[in-house]
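Each reported figure results from applying straightforward, stated rules to the coordinates on display, with no laboratory input. What you see is a predicted model, and the numbers here were worked out from it, not measured in a lab. Cβ sites come from the backbone with ideal geometry, for glycine too, and all protein chains shown count toward neighbours.
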Amino acid sequence: MENSPPSPAEHPFDERSEASARASPERNTTREERPRPDPERPVAIGEPQPIDVLAVDDDPRNLEVTRALLSRSGARIVEASTAEEALRILLTREVALILLDVNLPGMSGLEMAKLVRARERTRHTPIIFLTASSDVRLLERGYALGAVDFLTTPVPEQALRAKVAFFIEAHRKNEVLRRNSELLRAAHERELARNVAEARRRWEEEALRREMERDRRLVETLHKANERLKILSGVRSDLLSTENVRERLPAICERVATQLGLERWAVHVAGPDGRLSLVAAGGAQDDAAERVASLDSAEAILGGLAPWVSGRGEPLPPVAAALGAACCVARPCLAGGKVIATLAFGSAERDACDPDDPATLELVGYAIAMALDRDRLIAELQGRNAELREADHRKDQFLAMLAHELRNPLAPVSNAVRLLQEYGADARVRERALQAAGRQVRHMARLVDDLLDVSRIRSGKVRLRKDVVDLVQVVRDAVQTMQELVMSRRHALGVSLPDGPLLVEGDTVRLAQVVENLVANAAKYTDPGGHLRVALARAGDEAVLSVQDDGIGIAPELATGIFEPFVQAEQGMDRSRGGLGIGLSLVKSLVEMHGGRVGVESPGPARGSTFTVRLPALAADTAVPTPARPTSPAPPAAEPTAPRDILIVEDIADIRETLGELLRRRGHGVREADGGRAALELARAAPPEIALVDIGLPEIDGYEVAQRLREIAPATRLVALTGYGGAEDRRRASEAGFRAHLVKPIDIDDLIALIDTLD
Ligand code: ADP
């Protein structure tokens, strides 16, 4: 009955057909069905389970015999008449033993055994072959295919029962073991799952607790930050609303102290000298704060360079000790890199400050520093504003005074002109008018010179022409020059000079200017008929000059500022004493340029004054110099040594014509041009010996006129006449080819002397 085995696709016992076999149980031809064991269902150890034995035989009688033999074995006999049917049963059912007829129709028993062994679930299912043959080859093949036994039919009853009983028992035990191990595994898994769930629950609880703690701390921090912001915004709005931060500081600090819970505090503010003074303190005894009432430096208050210090065993700043605080936060308030205030807050009741206190105090300190600095700047600006207003006022006063001082000499000049016009024929009238006009013009020229000197000295443009100078001679000449003024006011003038020379190193003209100014003031500020005294003497290494009067004196409050420009004592509306308030400032500057100093003493108004000048004196044995340069102009030459051919180039007719007339009167030949073009034409016609050229000419300026004249008439000597006498003007004039440079108003005698020297 050996048949060729069906191809795998044909037999029903492959893995693919298992699912469909389970899905369509009607194809299963078993006579009894049993549900497969449920692993989830707990089964007690030893619980009897129905056990299936699959009997496969194409002979119903054999099956009948087998069933009868095993009826009391405790096993349930599942029968199949073909291998295919048996395989289908095995797809859905687990059996403890297969009793397999070797000779089956279709697929043989051996082929079936091969398929059973090949399948995972039935690999270990015991197979007992039933066969009538005792062919050894068949036996070998059968064992090779996994048979556990061979029984030859007719099967001895006892042997079959015993073998089946053995396999049933083995299966039962296996089953029990398998189920128990499944139960154990299930229990273990449940235990594991419980443990995991428990761990998870604990972890979630802990995470929740941590999250809640974090939230709590966050809320706390926010709350604290809010409180700090409240402190800061309170301080800021307080500072903004006040115009005097210093006055508001106590109230601000008191509030900050309450908010920080640091009841002892002190605030210091730096003065202009940088010294810190206590503005206010709170919570401590008065005498405690007094100990830090005024201190040199922030370190003296705060200690070291640490901006803040907290308590709890850390060293406390000196201010904490003074306040009797056990913990303290202190810090300097800085503006522009300088300590302008210090803040200290502490407590006697707490042993440590809050860790956030330093940061809060830093912001408070910063706001206070800014506000104090703002107040300082405002005060400074207000001060500057007041100074500017004062300067503006002084400038207005000065301009009014200048107008007054210039107009005063103009009146006599204009009167003199009228006198000359109407009564010029009278020699006596003519003489007096001319003298008055000459005096006033010199006075005006001197005012303008002084003004120019002040501005030149201030801008450092004045250079001294230093020589070894005999101060005795200088004083003598200056007194002589001022004699006319002194006499006009009927003063008695006493002069005390050393017998021998008293030498200094200096500029004769400038030193004379100093003496003349002081003597002129003494004469001016002493009512007519007063007493003046000029004394010069050596005192050690110094030459001491004093100019004393018994005049109106100087009020003490004025004495200190009297050497500043434009400072004058109050005068009546008539300004009868005149002056621009610059003479003494010139004196001071010139004396200082000589390395000396000047001072004034006055017992008070109406009690006279004494001005004292001290200059470094040279050793007595220094060689005596040649006589000093004359300080007064040389007497006018009546006649020129040689008449010259002179061209005057000047656009202002009055200057041109009067100058022309003066020169003609002295015998010179004079031609006049009112501008550059006219001058060049005249020069072309006949080159002049000397050309006096105004610099500020219209159309072509004096420098250019000079350059063109040099081309037309190279031998002509050029002299510049100008209103500008600065070093730069002189340099340009000399570059343009001018031999000399005269500043207007020109002294006719100086001009004559110059013309005589031009060769
Ligand atoms: P000015 O005399 O042109 O006003 P000064 O600079 O020479 O300018 O003097 C400044 C001020 O000092 C004078 O206006 C005057 O009030 C005061 N002063 C100067 N000299 C004397 C003096 N000898 N006696 C009293 N006051 C004087």
Separation in nanometres of the label points that stand 7 Å from Cα toward Cβ, at Arg123 and Arg161: 3.6
Subtracting the Cα-Cα distance of Leu758 and Val509 from 0.36 nm times their residue separation yields 87.3 nm
According to the square roots a ≥ b ≥ c of the eigenvalues of the Cα gyration tensor, what is the shape class of the stretch 516-576, taking rounded for a/c under 1.5, prolate for a/b larger than b/c otherwise, and oblate for the remainder? oblate
Sequence of Thr481, Thr722 once ranked by neighbouring C-beta atoms within 10 Å, starting from the fewest: Thr481, Thr722
How much length is gained if the chain between Asp351 and Glu601 is pulled fully straight, taking 0.36 nm per residue apart and subtracting their Cα-Cα distance, in nm to one decimal? 83.4 nm
Hey, got the Cα dimensions of the stretch 465-616 along the principal axes, in Å, largest first? 45, 29, 25
Would you kindly compute the Cα radius of gyration of the stretch 399-477 and its largest Cα-Cα separation (Dmax), both in Å? 18.1, 52
By DSSP, what percent of the beta bridges with both residues in the chain are antiparallel, rounded to the nearest 5? 55
Quick one: check the C-alpha center-to-center distance for the stretch 677-735 versus the stretch 333-389, whole angstrom. 68
Using Cα pairs under 8 angstrom and six or more residues apart, how large is the relative contact order of the stretch 465-616, in percent? 24
Under 25 Å from the Cα of Lys588, which lysines turn up, not counting those fewer than eight places away in the same chain? Lys395, Lys461, Lys466, Lys524
Shape of the stretch 645-757 from its Cα gyration tensor (a ≥ b ≥ c, root eigenvalues): rounded if a/c is under 1.5, otherwise prolate when a/b > b/c, or oblate? rounded
Neighbouring Cβ atoms within 10 Å as the yardstick, rank Phe611, Phe150, Phe166 fewest first. Phe166, Phe150, Phe611
On full extension of the chain, what length is gained from Glu64 through Arg76, given 0.36 nm per residue of separation minus the C-alpha to C-alpha distance? 3.0 nm
Expressed as a rounded percentage, what relative contact order does the chain have, with Cα pairs under 8 Å and six or more residues apart? 6
Given N residues in the stretch 243-462, what is its alpha carbon radius of gyration divided by 2.2 N^0.38 Å? 1.96
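In what order do Trp265, Trp203 fall by count of nearby beta-carbon atoms within 10 Å, going from fewest to most? If you can, show how the numbers build up before the last one.
Values: Trp265 28, Trp203 10.
Ordered from fewest to most neighbouring Cβ atoms within 10 Å, Trp265, Trp203 come out as Trp203, Trp265.
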Between Ala653 and Leu334, what is the label-to-label distance in nm when each label sits 7 Å out along the Cα-to-Cβ direction? 7.5
For the chain, the spread of Cα positions along each principal axis, largest first, Å: 196, 85, 56
Pop a pseudo-label 7 angstrom from the Cα along the beta-carbon direction at both Arg731 and Ala569 and give the gap in nm to one decimal. 4.5
